[in-house]
Amino acid sequence: MHKPTGPVLGGVIGFFESPDSLLEATRKVRDSQFKHFDCYTPFAVHGLDEAQGLARSKVPYVTGAFAFTGTTCAVLWQYAASKTWWAHLVGGKPFNSLPAFVPIIFELSILFGGIATFFGMAFFNRLPKSKRIYDRSLTNDRFAIVIEPPPSDPHDPEAKVEFSTEQAESYLKSLGAKDTRKVFEEGWFA
Amino acid sequence: MATADQPMNPLTGKIEDALVTAGRTYAEINEDVSRPIESFPTVRWWVCFGVAISALFMGAVLLLQTFKEGIGIWGLNRPTGWGTDITTFVFWVGIGHAGTLISAILFLFRQKWRTGINRAAEAMTIFAVMTAGLMVLSHTGRQWLALFWVFPYPNQRQLWTNFRSPLEWDVFAVSTYFTISTIFWYVGLIPDLASVRDRAVNKVRKFVYTVLSLGWRGSNKDWLHYEAAYLIFAGISTPLVLSVHSVVSFDFAVSQLPGWHTTIFPPYFVAGAIFSGFAMVNTLMILGREAFGLKHYITMDHLEKMNKIIMTTGMLVGYAYASEFFIAWYSGSAFERYIFINRAFGPYWWAYWIMVSCNVFIPQLFWFKKMRRSIPVMFVISLYVNIGMYFERYVIIVTSLHRDFVPSSWRFYQPTWVDWGIFVGFAGFFFTFFLLFLRFLPAIAMGEVKGVQDQPKAIGGSHA
């Protein structure tokens, strides 16, 4: 354990027993001196985003951009293939029969948008994650707030960051956390 | 006032039964849902699996024979160029629709009861679409070349597919549907796979579920994007599912054939798809909740709500049958009129009346609450609906084709034993995958059930 670098401190975790108590505590942490924190829950707790003060997700923009790309590709592709690359008379229909292209335009918009949504979500969430979950109960029945140490200054990475785990622990306890401790970042397969 | 196990419906103000009965705690939900994954399969599972995989094996042998000999060993011949092959295809695609309806449309309508059944229903969708895709691939004659015909790909001779053809639209619709449904399902699975991972004691299981869950940690900053993506998937799947069966109906409706060439087809097919799909969901859920002890999650209320949808869509389909007859008469087209009289009273009268009885008459029993809440009754009705919907496609396809415009070429189409063997084989294919799903993946969306459940031992006890 006591290598020169040592395990990286993930922060201080405090457990809560119900979504309501978590929500209440989260609102207080948001307005406190601890600016770097995150909540860990077994399911998406309604209202936690606001309590935590998170901005809206940008995933919809990714979907929109790629869905529109799909639309454009489908229009151009079908037009080019049917009108110029292989102009082929079928049933007396015009080469550029736009109404007949609509189904594929629609399907490709959805296909591009859907695949982009998945990868957009994975990108924003940095999936797949290399670091192990802090506690196994967090995907089962417990809720937690992790107060994280502030990130080091990029201009001066050697500078000491001001973070007292004791202070964070006692603060979480004062909010009603059932159990608090320090957590470290570990790899999944370490 | 609503009590802990009787939440109030915010829209109607009525007291409803709890979505999850018996007041399960969060940990108990994990326990109940993960049990089938963590224990050795029961004898019942092995028996079902044995039957399914034997059917699959038989279908595979018959398909290989078809590949070798050609599709002539099916009952197809002029003028009936489509028979059980496309019937089976439309049947399975239709079944898929209920899964997306439950996972996407009911999600947008905030129907919380969907959480108990959406995971299994979506799995059903994916396996049904796989079955359908394989079926339609195998009817193409030279199956090993089929992918070159249907997918437009850049080639030296600049040959492209015909984008004006509904068959080409179908390729795009079904493959998009399969892709998006699979991604949607997988996204829904990620947090539950993480739950299974964190319970795992066995090293191999731990490794596999860690990889599958993409290392999900349950951070709320992740949930933020996750929820946004989930909502978008529900939003794009809704028009997608409606488009897919519309496009399938275009395979028929865009042709010139009497009996196919009708504008009612897209809504009629979509209603029929939801109808047959819900019946299949019911069949599977009734068996699943018995076999895996999930009665607290798939409650009588869930089943009753599905029965109501079955009856409603059944009547929509019945309306479509009547409307087709009316329009055939009203159009004044002699061919159109003939084909419909022939449908009900011609050589395939039995198929037509099986369809009407199973789809329109029998579900009327669901007017009675007692019937809607009786397991044996709903199970039998769901089987009847499955049969009726198979015959609906059979009737549409075969009766319209078997007597074309030239009476000298009229012929009575009869499927061969190979047709039926392949049909059974594809059912085996579907059930093999479904049983493997029940064995290896959480069959109930634990995370979502926890989200809609009344908080056990909660401070404040609100409905999160």
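Summary table
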quantity	calculated
Residue tally, condition closer than 28 Å to B:M300 by Cα and either part of a helix (DSSP H, G or I) or among the aromatic types (F, W, Y) (or both), over the stretch B:314-373	23
Residue count, the stretch A:47-64 (criterion: more than 30 Å from A:F112 (Cβ to Cβ) and in contact (Cβ under 8 Å) with a residue 24 or more places away in the chain)	4
Filter result (farther than 17 Å from A:N125 by Cβ, within 10 Å of chain B (Cβ to nearest Cβ) and not in a helix (DSSP H, G or I)) within the stretch A:38-54	A:H46, A:G47
Failed criterion for A:F101 (all others in (1) facing another protein chain (nearest Cβ under 9 Å); (2) within 18 Å of the chain's Cα centre (by Cα) hold)	(2)
Looking only at the stretch A:55-87, and only at residues there that are surrounded by fewer than 20 Cβ atoms within 10 Å (Cβ to Cβ) and facing chain B (nearest Cβ under 7 Å), the one that is modelled with the highest pLDDT	A:P60
Of the criteria (1) out of contact with any Asp or Glu (no Cβ under 7 Å at 6 or more places or on another chain); (2) at pLDDT below 95, which one B:F91 fails	(2)
The listed residue being hydrophobic (A, V, I, L, M, F, W, C) and in a loop (DSSP other than H, G, I, E, B), out of B:F433, B:F405	B:F405
Selection from the stretch B:253-311 of residues that are part of a helix (DSSP H, G or I) and on the phi > 0 side of the Ramachandran plot	none
Among residues of the stretch A:98-112, those that are of a type in the set (G, A, S) and within 10 Å of A:F68 (Cα to Cα), counted	1
Any hit, the stretch A:109-128, residues being in a helix (DSSP H, G or I), within 9 Å of chain B (Cβ to nearest Cβ) and over 24 Å from the mean Cα position of the chain (by Cα)	no
The stretch A:16-34 - residue that is within 19 Å of A:T180 (Cβ to Cβ) and assigned to a loop (DSSP other than H, G, I, E, B) and, of those, farthest from the other protein chains (Cβ to nearest Cβ)	A:Q33
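Yes or no, residue by residue, for (1) within 20 Å of A:Q52 (Cβ to Cβ); (2) in contact with a strand residue (DSSP E or B) (Cβ under 7 Å, 6 or more places away or on another chain); (3) within 14 Å of another protein chain (Cβ to nearest Cβ); (4) β-branched (V, I, T):
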| site | (1), (2), (3), (4) |
| --- | --- |
| A:T139 | yes, no, yes, yes |
| A:V146 | yes, yes, yes, yes |
| A:S152 | no, no, no, no |
| A:H155 | no, no, no, no |
| A:F163 | yes, no, no, no |
| A:S170 | no, no, no, no |
| A:K178 | yes, yes, yes, no |
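The values are calculated or read from the model by the stated rules, or taken from the named source; none is laboratory data. All of these numbers come straight from a predicted model, not from anything done at the bench. Here Cβ is always computed from backbone atoms with ideal geometry, including for glycine, and neighbour counts include all displayed protein chains.
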